Amino acid sequence: LPFTKGHFPKMAECAHFHYENVEFGSIQLSLSEEQNEVTKNGCESKELVYLVHIACQGKSWIVKRSYEDFRVLDKHLHLCIYDRRFSQLSELPRSDALKDSPESVTQMLMAYLSRLSAIAGNKINCGPALTWMEIDNKGNHLLVHEESSINTPAVGAAHVIKRYTARAPDELTLEVGDIVSVIDMPPKVLSTWWRGKHGFQVGLFPGHCVELINQKVPQSVTNSVPKPVSKKHG
């Protein structure tokens with residue numbers, strides 16, 4: 001099974017959008033059978049990470065998600081898509097309120113994914129929820145074509161100083177104050193378009209809309225740029 005090794009960013013960092021059209025039928029989600037025990041995320045972090053098996057349109061892959069990722073998915077699903085009376089999914093408790101054993105939490109998540117699989121379909125048009133599953137609106141594995149880009153080391157970080165709204169699928173939407181990791185920065189004579197990572201999206205944007213952080217930022221810009229806000233409300 002394809003396995004995306006790139007770091008999955010906090011969903012709060014992702015731009016919130018909804019697809020106009022969704023065509024993928026059903027989605028099946030389960031905790032991977034390959035998972036004998038819950039792995040630790042990094043050497044120092046004690047955050048538990050789960051391997052989630054995703055199946056859609058005859059294809060399947062595995063994604064790594066933390067318990068907090070599950071909570072954010074639940075929030076998006078019930079903010080944008082489902083009423084809990086219909087979904088019959090109980091809100092996942094805060095991690096600091098969990099008193100159950102790791103095995104009990106695993107059982108709870110297995111039951112959650114089982115119920116979600118029973119109702120998941122074309123009604124889910126919430127971008128962050130589908131990106132959690134690494135599915136686009138046609139049912140394709142979202143990161144297959146972007147994996148090399150998503151893992152490309154950035155050449156620098158930049159503040160957004162001018163708002164830009166994407167006009168094509170391969171472009172990024174930028175808000176003033178956002179932070180972008182710049183991947184490709186061609187000379188102006190070749191192109192005014194730069195390529196970068198914003199959350200877990202990779203795309204193009206006009207170079208004049210950002211100011212590299214390692215370069216001196218003009219005082220006027222410093223005063224007008226608010227502190228980066230990670231959470232965006234759709």
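Remarks
- The stretch 60-129: GluC sites (Glu not before Pro) in DSSP loop, at most 15 other beta carbons within 10 Å: 91
- Working ranking of peptides 53-61, 123-131 by packing, defined as the average number of other Cβ atoms within 10 Å per residue, highest first, is 123-131, 53-61.
- Cross-linked pairs 75/99; 138/162; 64/162; 59/197: Cα-Cα separations exceed 29 Å for 138/162; 64/162.
- Local electrostatic count, residue 119, Cβ distance below 14 Å [Lys/Arg +1, Asp/Glu -1]: +2
- Measuring r between the beta carbons of residue 78 and residue 157 and using R0 = 30 Å, the FRET efficiency lands at 0.30.
Each value in this text was obtained by applying a stated rule to the coordinates, not by laboratory testing. Being a predicted model, the structure only gives us computed values, none of them experimental. Here Cβ is always computed from backbone atoms with ideal geometry, including for glycine, and neighbour counts include all displayed protein chains.
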